[in-house]
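A.B. asks: Sharing a structure with you now.
The values are calculated or read from the model by the stated rules, or taken from the named source; none is laboratory data. Source: prediction; values computed, not measured. Note that each Cβ is placed from the backbone with ideal geometry, even for glycine, and that neighbours are counted across all protein chains shown.
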Amino acid sequence: MGPKKKRASPWPLILISALLLLVPSTVTQKTRLTAVAGFIPFRSLATWAERLPDKVRPSAESQEAATKVAFLEDQNLKQANELKRLSLQLEQALGMKQPVRDQNYRMIVADVVFPTDSSPWRKSLTIAMGTRDGIEKGLLVLYNNQVVGRISETASRTSRVQIVTDPGFRAGAVAAPKTYISGVSLSERHAGVYQGTAGQNGQLKWFGGETPVENGAFVVTTEDPVNGVPRGLVLGRVATVNHGRGAFPKVEVEPILNFQALEHVMILVPPMEVRTSGTTAGGR
Amino acid sequence: MVKYSTGKLALLGAVALAFELTLLETWSLGGARAEVLLSLACFAALFARDSAQGLLASWIIGVMKDVGSAGPLGLHALLFLGAGWVVLQIRQILFRESPLTQLGVAFVAACWVNLVAAIVVSISVGGIPIGVVVGKTLLSALLTAGITVPIHFALMQARWMVK
């Protein structure tokens, strides 16, 4: 029988981990975001790998698919033109204006570096813009008129966006009726709080039970000038409504966007008067 | 017996992190996905030369996981270290080359890491519904256990990758 091997103690590493946990997130996130920027070349490799199945398709099938794609593209163009015409008519009819354009918000386009978070319980994406581009914590991130999330951490060249499905994401929200009732504006309805759940859907909570909420209705933001959130931006669509036994119904909100497929996003920069009137809310 | 170099395993961990941050999410099932880094940490603990190497390698892989996360730095390092320590305590009685052992170790480790991480996130950031916690934890543990067997097999066969 040989000499008994001495087992190493885990305590030094536990102590280092505990010390790291005590360091403020703002300090560690800058370093981490800078380190993550080193992985940017992998992103283009992944994009190439995602498209690989299309490249290795047999040629006969490929030709047939190409014809179908050309036909569908043509159809798509026709429908897009029709949609544009109808949208303009609707906009004129309702006297609606883009909520963002209306309030002199500025938009900055940013490329998505990594569309996901390594932790299964946090939902974030990394963008290739940071403090040197004027990005600040708390700014809202959009894709068209849909909310992607909020800037939670910034480094000089990269920033982390807390996605709407992250459990730390909260915003004032209201379920817009599918059919527009004249004389009822969204601000007059009972607003609730939208919160992410770390799952695929978010939740709309704390709104009055008498508020009619229907499946498929859009959940949109309510105006929050302090945090630079204009009203009418889409957070998702009502998936299920559970009235249960509580005073407040639980509404599951399904995001419309596929966050993993995003290649670029828009950062919403509020006008200076909005930014000076209150500090923008940072994600936790 | 398979032996590995901590530096090479850390390098492999960096590649696994890049994989987790890019392609892996597209293969998720019901919002849950396999944990490649945890699978590597299990390998590190099962096949370590001694307990010091096993602990250090598990911890480094945990730190890497934290680098790609919005959560606090050190959380996964601590959890991976805990999982690695338990494996190192019981590996004398385990037949580590067996796929069943690897499957079981990865499943239990994934349950432990995901459950504790979910509790910490719930306390520090915001509530996660219990249904989401249980469903995602179990599904993720199953997926992790599923990928662990081929990953460990590949690492045992292509020893140049880790030795």
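A.B. asks: If we keep just the residues of segment B:92-102 that are part of a helix (DSSP H, G or I) and in contact with a helix residue (DSSP H, G or I) (Cβ under 6 Å, 6 or more places away or on another chain), which is surrounded by the fewest Cβ atoms within 10 Å (Cβ to Cβ)?
C.D. replies: Here the residue is B:Pro99.
A.B. asks: Using the structure shown, decide if B:Val116 is part of a helix (DSSP H, G or I) and more than 8 Å from chain A (Cβ to nearest Cβ).
C.D. replies: Working: part of a helix (DSSP H, G or I): yes; more than 8 Å from chain A (Cβ to nearest Cβ): yes.
Against the criterion (part of a helix (DSSP H, G or I) and more than 8 Å from chain A (Cβ to nearest Cβ)), B:Val116 qualifies.
A.B. asks: Sort out which residues of segment B:1-54 are crowded, with 23+ Cβ neighbours inside 10 Å, within 8 Å of chain A (Cβ to nearest Cβ) and in a loop (DSSP other than H, G, I, E, B), and write them in order of number.
C.D. replies: Passing the criteria: B:Thr22, B:Glu35.
A.B. asks: Taking A:Val174 as the residue in question, decide whether it is over 17 Å from B:Gly68 (Cα atoms) and either at pLDDT below 90 or assigned to a strand (DSSP E or B) (or both).
C.D. replies: Working: over 17 Å from B:Gly68 (Cα atoms): yes; either at pLDDT below 90 or assigned to a strand (DSSP E or B) (or both): yes.
Spelling it out, A:Val174 is indeed over 17 Å from B:Gly68 (Cα atoms) and either at pLDDT below 90 or assigned to a strand (DSSP E or B) (or both).
A.B. asks: Yes or no: A:Leu142 over 28 Å from B:Ile130 (Cα atoms) and assigned to a strand (DSSP E or B)?
C.D. replies: Numbers: over 28 Å from B:Ile130 (Cα atoms): yes; assigned to a strand (DSSP E or B): yes.
Taking the combined requirement at face value, the residue satisfies it.
A.B. asks: Please pick out the residue among A:Gly232, A:Gly246 that is at negative phi, at pLDDT below 90, part of a loop (DSSP other than H, G, I, E, B) and not aromatic (Phe, Trp, Tyr). Explain how you work it out, then say what you get.
C.D. replies: Details: A:Gly232 fails: at negative phi.
A:Gly246 is the lone residue from the list that is at negative phi, at pLDDT below 90, part of a loop (DSSP other than H, G, I, E, B) and not aromatic (Phe, Trp, Tyr).
A.B. asks: Please find, among B:Gly71, B:Gly82, the residue that is modelled with pLDDT of 95 or more and within 11 Å of chain A (Cβ to nearest Cβ). Outline the logic, then answer.
C.D. replies: Working: B:Gly71 fails: modelled with pLDDT of 95 or more.
After ruling out the rest, the residue left standing is B:Gly82.
A.B. asks: Checking the conditions here, which among B:Val120, B:Val105 is surrounded by fewer than 23 Cβ atoms within 10 Å (Cβ to Cβ) and of a type outside the set (Gly, Ala, Ser)? Give the steps one after another, and end with the answer.
C.D. replies: On the way: B:Val105 fails: surrounded by fewer than 23 Cβ atoms within 10 Å (Cβ to Cβ).
Among B:Val120, B:Val105, only B:Val120 is surrounded by fewer than 23 Cβ atoms within 10 Å (Cβ to Cβ) and of a type outside the set (Gly, Ala, Ser).
A.B. asks: Determine whether A:Lys137 is of a type in the set (D, E, K, R), closer than 28 Å to B:Leu139 by Cα, within 19 Å of the chain's Cα centre (by Cα) and at pLDDT 90 or above.
C.D. replies: Working: of a type in the set (D, E, K, R): yes; closer than 28 Å to B:Leu139 by Cα: no; within 19 Å of the chain's Cα centre (by Cα): yes; at pLDDT 90 or above: yes.
Here the answer is no, as A:Lys137 does not meet what is asked.
A.B. asks: Name the residues in segment A:164-176 that are within 12 Å of chain B (Cβ to nearest Cβ) and farther than 17 Å from A:Ser25 by Cβ, would you? Walk me through how you get there before you give the answer.
C.D. replies: Restricting attention to segment A:164-176, the residues satisfying the condition of being within 12 Å of chain B (Cβ to nearest Cβ) are A:165-170.
Of everything in segment A:164-176, those that are within 12 Å of chain B (Cβ to nearest Cβ) and farther than 17 Å from A:Ser25 by Cβ turn out to be A:Thr165, A:Arg170.
A.B. asks: Right, next: Taking only segment B:68-86 into account, find how many residues are surrounded by 22 or more Cβ atoms within 10 Å (Cβ to Cβ), in a helix (DSSP H, G or I) and aliphatic (A, V, I, L, M).
C.D. replies: Residues meeting the conditions: 6.
A.B. asks: OK, next. Return the residues of segment B:129-163 that are without any contact (Cβ under 8 Å) to a residue 12 or more places away in the chain and among the polar types (S, T, N, Q); say none if nothing qualifies.
C.D. replies: B:Gln157
A.B. asks: Next up: For segment A:32-46, how many residues are more than 7 Å from chain B (Cβ to nearest Cβ) and in contact (Cβ under 8 Å) with a residue 60 or more places away in the chain?
C.D. replies: Of segment A:32-46, the ones more than 7 Å from chain B (Cβ to nearest Cβ) are A:33-34, A:37-38, A:40-41, A:44-45.
From the residues that got through so far, the ones that are in contact (Cβ under 8 Å) with a residue 60 or more places away in the chain too are A:33-34, A:37, A:40.
Within segment A:32-46, residues that are more than 7 Å from chain B (Cβ to nearest Cβ) and in contact (Cβ under 8 Å) with a residue 60 or more places away in the chain number 4.
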